[in-house]
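What follows is a short report on a single structure.
Each reported figure results from applying straightforward, stated rules to the coordinates on display, with no laboratory input. Owing to the predicted nature of the structure, the values given are computational and were not obtained by experimental measurement. Note: ideal-geometry Cβ built from the backbone for every residue, glycine included; neighbour counts use all protein chains shown.
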Amino acid sequence: MFSRRIFRPLLAMAFASALVGSAGVFSSAAQAQNQPIAPDTMAARVQGCTACHGVHGEGTDNDYFPRLAGKPADYLYNQLQNFREGRRKYPPMNYLVTYLSDDYLHQIATYFSNQRPPYPAPAKSNVSSTTLARGQQIVLNGDASKNIPACAACHGKGLTGMQPAIPGLVGLHSDYISAQVGAWKSGTRHAKAPDCMQQIASRLTDDDVTAVAAWLSTQQAPANPVPAPAGSLKMPLKCGSEPQ
Ligand code: HEC
Ligand code: HEC
C-alpha cells in the first residue's frame, strides 16, 4: 500500500513537472526567452495534471487519484485554493498550485468541470453484503439515531453533486472516498466554515466510512451525470462552501 500510495504519485510528479515546465503552467519563461513552445491552449497547459487525473480529468486506475471531470467549477476552484493555502495537504498538489493566481486556478477549474469523459465501470466490492447495505442506508437515508444526514440530501439522488460547489460522489474509488472522509475526521482537510463535512465525518465510525465508501464506489453514474441546479436540494446543514 505504501509504495502504491506514496511512490507512484511521486513518480507521476516527476513527469508532471517535466510537462508543466515545457508546455504548461510555466510556459511564460520559455516565451520570454523566445524559445519555441507548444500552442498555449488550455489542454496544453493542464498536461502536467493529466498524468494523475487522466487526459480529460476522468481519473486513473490509481486508487488515490480522483476524477475531476464534470464536478462543479466552483468546487474544483475551492479545492485548488485549499491546496494552495494548505487547507488540504498532498505535497505534489500543494507544490503545483503554489504560484498560480486565482484567475488561473479558475480557468483550470472551469476547464475540467466542462469535460465529459465516460465514467469507469462501477467497482466490484469485496466487503460483505451487510456492510454494503449499511453504506446504502447512510447514503440514501442517513442515520437519525446518530444525527447523520443522508449524503444524497446534498450530493443529490444521482450522486452527481449540486451547483455551484458540491461535488459528485460517483466515479470515485472507495480508497479515495474513505481517505477524504478520514482527512476531515482527523483534521487534515478543511473547507470554508461552517465545515459541514467535518461535522458529518466526525459522526461516522470507521466502519461507517468503510461502508459508505464501498457502496458509493459500486454505483453506476446516471445517464445524464450533471450536477443538480443550485438551490434545488434542501440542505440539512449549512456549508460555508455552498452558499444558500
Ligand atoms: C502527482 C499526481 C498529481 C498531479 C500531477 C496533479 N494532481 Fe491533483 N490530485 C492528486 C491527488 C492524489 C489528489 C487528492 C489529494 C488528497 O486530497 O489527498 C488530487 C486532488 C486534486 C483536486 C481536488 C479533487 C477533488 O475532487 O476534491 C483537484 C481540483 C486537482 N487535484 C487538480 C489538479 C490540477 C489542476 C493539476 C495540474 C495543475 C493536478 N491536480 C495535478 C494528484 C495529482
Ligand atoms: C449538508 C450537505 C452535505 C451532506 C449531508 C454531505 N455532504 Fe459531502 N460535501 C458537502 C460539501 C459542501 C462538500 C465540499 C466541501 C469542500 O469544499 O471541500 C462535500 C464534499 C464531500 C467529499 C469530497 C469529494 C472529493 O471529490 O474530494 C466527500 C467524499 C463527501 N462529501 C462525502 C460525503 C458523505 C459520505 C456523506 C454522507 C455521510 C456526505 N458527504 C454528506 C456537503 C455535504
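For this structure, a couple of remarks:
- Sorting 157, 185, 71 by the number of Cβ atoms found within 10 Å of their own Cβ, with the fewest placed first, yields 157, 185, 71.
- Between residue 188 and residue 145, the contour length at 0.36 nm per residue exceeds the Cα-Cα span by 12.8 nm.
- Taking a ≥ b ≥ c as the square roots of the eigenvalues of the alpha-carbon gyration tensor, region 129-217 is classed rounded because a/c is under 1.5.
- Shape class for region 179-244: oblate, because the ratio a/c of the largest to smallest gyration tensor axis (alpha-carbon atoms, square roots of eigenvalues) is 1.5 or more and b/c is at least a/b.
- Residue-wise HN-Hα coupling along region 105-122, computed from phi with Karplus coefficients 6.51, -1.76, 1.60 (Hz; x: Gly, Pro): 4, 5, 5, 5, 4, 5, 4, 5, 4, 7, 6, 10, x, x, 7, x, 4, x
- When 111, 90 are arranged by Cβ crowding within 10 Å, least crowded first, meaning fewest neighbours, the order is 90, 111.
- Database remark: amide H of residue 70 closer than 5 angstrom to the amide H of 113, 114, 115 (H placed geometrically; neighbours at sequence offset of 5 or more, or on other chains; Pro and chain starts carry no H).
- Residues whose amide H lies under 5 Å from that of residue 148, counting only those 5 or more places away or on a different chain, are 143; hydrogens are built 1.01 Å from N in the peptide plane.
- Taking a Cβ cut-off of under 15 Å around residue 159, the surrounding Lys, Arg, Asp and Glu residues balance to a net charge of +3, with basic ones at +1 and acidic ones at -1.
- Taking a ≥ b ≥ c as the square roots of the eigenvalues of the Cα gyration tensor, region 115-157 is classed as oblate, since a/c reaches at least 1.5 and a/b does not exceed b/c.
- In terms of other Cβ atoms within 10 Å, 67, 203, 45 run from fewest to most in the order 203, 45, 67.
- Evaluating 6.51 cos²θ - 1.76 cosθ + 1.60 at θ = phi - 60° for every residue in region 225-241, the Karplus couplings come out as x, 9, x, 5, x, 3, x, 7, 10, 8, 6, x, 9, 7, 10, x, 8 Hz, glycine and proline recorded as x.
- Eligible lysines near residue 234 by straight Cα distance, threshold 26 Å, same-chain separation 8 or greater: 71, 146, 157, 185, 192
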